[in-house]
Amino acid sequence: MSAWVLPDHIADVLPSEARHIEELRRGLLDTARGYGYELVMPPLLEHLESLLSGTGRALDLKTFKLVDQLSGRSMGLRADTTPQVARIDAHLLNRDGVTRLCYCGPVLHTRPDRPHATREPLQFGAEIYGHAGLEADLEALSLARDCLAVAGVQGATVDLGHAGIVRALLAGTAVPAETLARVHAALAAKDASELAGAAQDCAAPVRSALLALLRLYGEREVLDEAGRVLPSSPALQQALAQLGWLADQLEGTPVSFDLADLRGYAYYSGARFAVYVPGAADALVRGGRYDEVGAVFGRNRPAAGFSLDLRELVAVAAPRPLRAAVRAPWGDAPALRQAIAALRARGETVVCALPGHGSEIDEFHCDRELIEQGGQWVVQSI
């Protein structure tokens, strides 16, 4: 095998795609800043017990692990940034009231999430801490939609669910953690036979209600049907009402519901959403409410937010034209160098053709050139 062959599901990003990703990154961070979100940059590497505490336990199998040569302690390469941002909110900022934070950086996965997915996503996300009301959930959803709009992505649909529904159905039922994990996995896969087996020790009404969730997906009528077929309780009614309120606020965006979708259930404590767009194999954005994410850090604050992978986003975002540039000759004449420096100071891209070479680049569109006329260097169209 060649020494320069990369590991499976790891890839270089070449100039055109890298430029597009960087432009998207800047646009998303500026959009988040417009909402009042502050940028944080957590480290790629942390002590393992910090990375995998609390809700981070769900990331155990995704996390690359190694030994710190300085301390001998086990360390991990982050597989998700949300637990780190929760730690920053709890321990480093420790503010009262609402805190809005955003981030953008690579995460590493031991295995790809699905076929053809990268093991090195470039994760962008935004988190809002300190407000328990649905206003925070709606803000996260609105920011996610605006980020996709900035990227030029059209045709987005929002799928809503709620972690509290299954909790309401299982309230008062002693379910071992292993059984609960099987139930969640079967619901997410919509596997009726597996779900029936996992819930066999539950009371008949509970088992029937869990099986009913498998068909509760679709448009707004799903909420009405859920209210009819599921055992009523204050917690269930509150969850359905929250989903209805969020859907009402998303005017102009198609909304669907999937009450059995529990992917990421270890995180979410309330409403959760997934945003699907044409051309993407899976949800492009996932988010929701995860109030327990900071509990392990000693500060169990309300929290809501979302994340996406910029590598996936660039694959479905509208293509962008090459950046216009000025072609200039190479030379050591002071007047030429001053002219080039002045153009670059104004934000122009100036590509100098080195001796013996023409313009061999593909990443910039040289639509003008710098030429000497009457002893002056001027720019003219090509």
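The values are calculated or read from the model by the stated rules, or taken from the named source; none is laboratory data. From a predicted model like this one, the values you see are computed outputs, not experimental measurements. Neighbour counts run over all protein chains shown; Cβ positions are idealised from the backbone, glycine included. Ligands, DNA and RNA are excluded from the accessible area calculation, which covers all protein heavy atoms including side chains. Shrake-Rupley method; radii C 1.70, N 1.55, O 1.52, S 1.80 Å.
Overview of values
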read-out	value
Residues of the stretch 98-125 classified as touching a strand residue (DSSP E or B) at 6+ places or on another chain (Cβ under 9 Å), open to solvent by 40 Å² or more (accessible area, probe 1.4 Å) and of a type outside the set (D, E, K, R), total	2
The stretch 253-302, residues that are among the aromatic types (Phe, Trp, Tyr) and either without any contact (Cβ under 8 Å) to a residue 40 or more places away in the chain or within 28 Å of Glu194 (Cα to Cα) (or both)	Phe257, Tyr265, Tyr267, Tyr268, Phe273, Tyr276, Tyr290
Flag for Ala325 being of a type in the set (A, V, I, L, M, F, W, C) and either on the phi > 0 side of the Ramachandran plot or part of a helix (DSSP H, G or I) (or both)	no
Where Gly358 falls short, out of the listed (1) more than 20 Å from Ile382 (Cα to Cα); (2) more than 41 Å from the chain's Cα centre (by Cα)	(1)
Residue within the stretch 233-252 that is free of Cβ contacts under 8 Å to residues at least 40 places away in the same chain, open to solvent by less than 60 Å² (accessible area, probe 1.4 Å), within 18 Å of Leu141 (Cα to Cα) and in a helix (DSSP H, G or I) present	yes
Residues satisfying the stated conditions in the stretch 199-211, i.e. surrounded by fewer than 18 Cβ atoms within 10 Å (Cβ to Cβ), of a type in the set (A, V, I, L, M, F, W, C) and assigned to a helix (DSSP H, G or I)	Ala204, Leu211
Meets criteria (among the charged types (D, E, K, R), closer than 21 Å to Leu313 by Cα, without any contact (Cβ under 8 Å) to a residue 40 or more places away in the chain and crowded, with 16+ Cβ neighbours inside 10 Å) for Arg78	yes
Filtered residues of the stretch 1-35 (kept if assigned to a loop (DSSP other than H, G, I, E, B) and surrounded by 13 or more Cβ atoms within 10 Å (Cβ to Cβ))	His9, Ala11, Val13, Tyr35
